[in-house]
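Input: a single structure, listed below in structure tokens.
The values are calculated or read from the model by the stated rules, or taken from the named source; none is laboratory data. Predicted model only: the values in this text are computed from it and were never measured. Don't worry about glycine lacking a Cβ; one is built from the backbone with ideal geometry, like all the others, and counts go over all protein chains shown. Only protein heavy atoms, including side chains, enter the accessible area calculation; ligands, DNA and RNA are left aside. Shrake-Rupley method; radii C 1.70, N 1.55, O 1.52, S 1.80 Å.
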Amino acid sequence: MSRRHRSTWVSAQHWLLCLLCLLAGYAAPAAEYRPLPPALRSGLSPDWLIHDEGRNRLVIYLPDYHAPAHAYYQWLTLRPQRPFIVSFTARSGQSLFLDNRLVFTAPKASDYTLDLARLLPAGSVPGPHLLCVWHPQVAPNLSSFVDVRTADPAAQPGLVKTPAARLLAQPLARSHPGENVFLLFLLLIGLLYGSIRAVYQPGFARIYQVDNVWSKSTAEQEFLVKPTVTWLNILLVLVFSLSFALLLVAIHTNVQNIAVLQRLFDVPESALVLRILLYTATIAAFVMGKYLFLELMGYIFDVGELVVVQYREFIRTLLFLGLCLPLVMLLYLGLNQTLPAAVLWVSNGVVSLLLVGTVIRVARTIHRRSSLLNLHLFSYLCATEVIPLVILLKLIVFTY
């Protein structure tokens with residue numbers, strides 16, 4: 001073969017090899033593609049990660065897709081000599097971890113500010129570090145985490161004096177963003193109670209007169225046999241529902257983290273007015289709908305003659321004890337910034353008194369009509385009052 005033909009043949013082989021490599025690249029399976037990990041943010045991100053147990057890796061948390069979790073993660077770029085100051089709202093027992101090492105536990109429900117760089121162990125190198133926010137019972141309030149350096153450019157490195165050894169964060173004296181909303185609704189509740197008292201004064205006095213609550217007078221017997229559905233009862237139930245909803249949204253904010261309620265009522269945490277109105281409608285529907293539940297259980301247990309008396313006593317005791325709810329809201333507005341734990345204890349005590357006192361009063365009234373020593377009647381009382389009481393206490397009081 002001549003030199004010219006040999007050169008032509010080598011050139012053809014070269015171009016054929018290039019064409020085959022190109023075709024092989026197009027024919028490579030898509031599984032060979034490996035996306036690069038996203039670059040770490042220099043500050044705190046609003047996006048959080050949760051642990052995917054099935055694949056044993058961290059995935060981005062989508063509030064409208066994933067169920068709420070107890071632990072949330074985020075990769076941060078920390079340098080031991082450069083402050084990384086964050087502020088957040090924590091419930092009692094909420095903990096922070098850096099690289100799976102406990103660095104902070106909230107001693108009480110309050111607002112805190114913390115320098116994460118000071119909490120790195122001695123000898124840590126600058127670079128990515130894994131932050132974990134965890135609470136043993138409820139989902140942490142992720143929306144409260146704020147990078148102070150971004151939110152306040154004038155923040156000085158010496159603003160927070162947190163020892164590197166362990167956990168002290170400094171409470172922040174700042175007001176709740178929804179206090180104006182709570183105050184307006186509290187004023188509305190006062191106006192509604194005053195208006196109803198002015199229009200329905202005799203009926204209002206029969207419900208809220210202390211002497212008639214534990215007495216055995218004729219007025220009490222007349223009250224128990226009066227019509228159940230009246231405008232006075234409906235209006236007072238709506239005001240009571242508004243008071244209870246206000247308390248749940250303001251103090252018992254963890255109620256919204258219950259998975260069952262989140263599936264039924266998907267309302268953003270920041271929509272205070274919508275949440276208050278939704279809780280009001282739910283509570284009012286529960287109180288008014290209990291009559292149908294009592295009618296059904298009365299038919300099953302064959303005690304239909306007690307249903308009206310039981311429901312009237314339930315309504316009267318609930319409305320009477322419900323007067324304490326606006327007082328707890330006043331306590332919340334005045335002392336929540338300085339004594340949040342005490343406000344929570346008072347709120348739990350008032351709610352427990354409201355629920356337990358109503359059941360005790362209903363049981364006393366039923367016992368006067370027919371002895372509860374009868375196992376059949378006692379079973380009816382457990383089905384209609386005791387079991388719902390336990391469920392409500394678990395959902396509202398014992399979630400903290």
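The table that follows gives values for the structure above.
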| read-out | value |
| --- | --- |
| Computed FRET value (nearest 0.05) for LEU274 with ILE60, which takes r as the C-beta separation and R₀ as 22 Å | 0.25 |
| Segment LEU296-ALA205, extension gain: residue separation times 0.36 nm, minus the distance between their alpha carbons | 29.6 nm |
| Segment LEU327-THR230, extension gain: residue separation times 0.36 nm, minus the distance between their alpha carbons | 32.3 nm |
| Per residue solvent-accessible surface (Å²) - region 303-400, probe of 1.4 Å | 44 Å² |
| Spacing of the two label points (7 Å from each Cα toward its C-beta) at HIS70 and GLU53, in nm | 1.1 nm |
| Ranked packing of 366-372, 128-134, most packed first, by mean Cβ within 10 Å | 128-134, 366-372 |
| Among 52-60, 327-335, the order from most to least packed when residues are scored by Cβ within 10 Å on average | 327-335, 52-60 |
| Calculated FRET value between PHE378 and LEU183, using beta carbons and R₀ = 51 Å, to 0.05 | 0.70 |
| Distance (nanometres) between label positions extended 7 Å along Cα→Cβ at LEU392 and SER371 | 2.9 nm |
